[in-house]
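Worksheet: one structure, shown below.
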Amino acid sequence: GSARSAVSEPLTTPTESRWWGAHLKEFRWQAELARLLADPVWRGVDLPRGDGGPVLLIPGFLAGDQSLSVMASWLRKLGHTPKRAGISFNVACSDIAVDRLSQVLLHANLRSGRKVAIIGHSRGGHFARALAVRHPDQVSQIISMGSGLDEPFDISEPTRMAVDGVRKLIARRDPERAALGCFTHACLCRYAQDYRAPFPETVPLTSVYSKGDGVVRWRACVVPYARNVEVTGSHIGLAYNRHAYREIASALTA
């Protein structure tokens, strides 16, 4: 049937032709980190302070919590309470990952007695979007960074090949889940339904993107239901982008 064909078909973007991205330019992230550490933003100069509220940080595809550890220590300095997603290498089936993140979110909500803000980088933003749909009453707001919010696979060809490799690995290990179309447009799981669902009007959404993104097509990050904020820099570097940090600080205290 259709689910079976979803497994064997390679990933294709229904919207546009192939795009090779700008992966060499992504090495800029190291310079972006260096600039952040020298910037007044890093020291919290003239930035609004948090009041201890929980902020769940979700890393991107192929990355782990470590990739957002710089942001976590900065948030702590500003008076927020960052929470790790518990992801060491973000390649698991999205459905399993979001089920687990639901528990992390609800635990943070119960412990603090407060709604939880979620910051998601790249694929982490896809997860954040689904979590807001699933738990609108527990989420105070979403900030996505370099995340396609309506189209998860509007990505560069090398990234698509990496996604394809993970999809084949899942197909070998878990044929039943693969039959649902894991890591494809045809995915039938609960996560995919939540990701595609209309975004809740009660949850503020800020989408931070860069036209210099070499991994995700920036247009996929711009949606009518978000406050879309353009910064300059690379895709990987959004995790260390001083302009993004300024936006995050003001969004979290808005």
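A few points about this structure:
- Straight-line cross-link partners of residue 83 among the aspartates and glutamates, defined as a Cα under 13 Å from its Cα and at least 8 positions apart when in the same chain: 65.
- The value given for the range 42-151 is a Kirkwood hydrodynamic radius of 13.9 Å, derived from the mean inverse Cα-Cα separation.
- Amide H partners (placed H, <5 Å) of residue 56, local residues excluded: 83, 117, 118, 119
- Taking label positions 7 Å along the Cα-Cβ direction at both residue 196 and residue 70, the computed distance is 3.7 nm, reported to one decimal.
- Values of log10 I(q)/I(0), in the order q = 0.11, 0.14, 0.17 Å⁻¹, for the chain under a Debye, Cα-only, solvent-free model: -0.55, -0.90, -1.33
- Of 165, 148, 181, the one that fluctuates the most in a GNM where the chain has Cα springs shorter than 10 Å: 165
- In the chain, helical runs assigned H by DSSP with n ≥ 4 each contribute -39500 (n - 2.57); averaged across all residues and rounded to the nearest 500, the mean residue ellipticity at 222 nm is -12000 deg cm²/dmol.
- Taking amide H atoms as placed 1.01 Å from N in the peptide plane, the amide H of residue 206 lies under 5 Å from those of 142, 143, 144, 227, each 5 or more residues away in sequence or on another chain.
- Peptides 53-64, 166-177 ranked from most to least packed, by the mean per-residue count of other Cβ atoms within 10 Å: 53-64, 166-177.
- Rolling a 1.4 angstrom probe over the chain with all protein chains present gives an accessible area of which 55% lies on carbon and sulfur atoms.
- Rh by Kirkwood over Cα pairs, then Stokes-Einstein D for the range 124-253 at 0.890 mPa s and 25 °C, µm²/s: 158
- The order of the peptides 219-226, 31-38 by mean Cβ neighbours within 10 Å, most packed first, is 219-226, 31-38.
- Contact order for the chain, expressed relative to its length and based on alpha carbon pairs under 8 Å spaced 6+ residues apart, stands at 27 percent.
- Taking packing as the residue-averaged number of other Cβ atoms within 10 angstrom, the listed peptides 203-212, 120-129, 92-101 run from highest to lowest as 120-129, 203-212, 92-101.
The values are calculated or read from the model by the stated rules, or taken from the named source; none is laboratory data. From a predicted model like this one, the values you see are computed outputs, not experimental measurements. Virtual Cβ from ideal backbone geometry, glycine too; neighbours counted across all protein chains shown. Side chains are part of the model used for accessible areas, which takes the heavy atoms of the whole protein and leaves out ligands, DNA and RNA. Shrake-Rupley method; radii C 1.70, N 1.55, O 1.52, S 1.80 Å.
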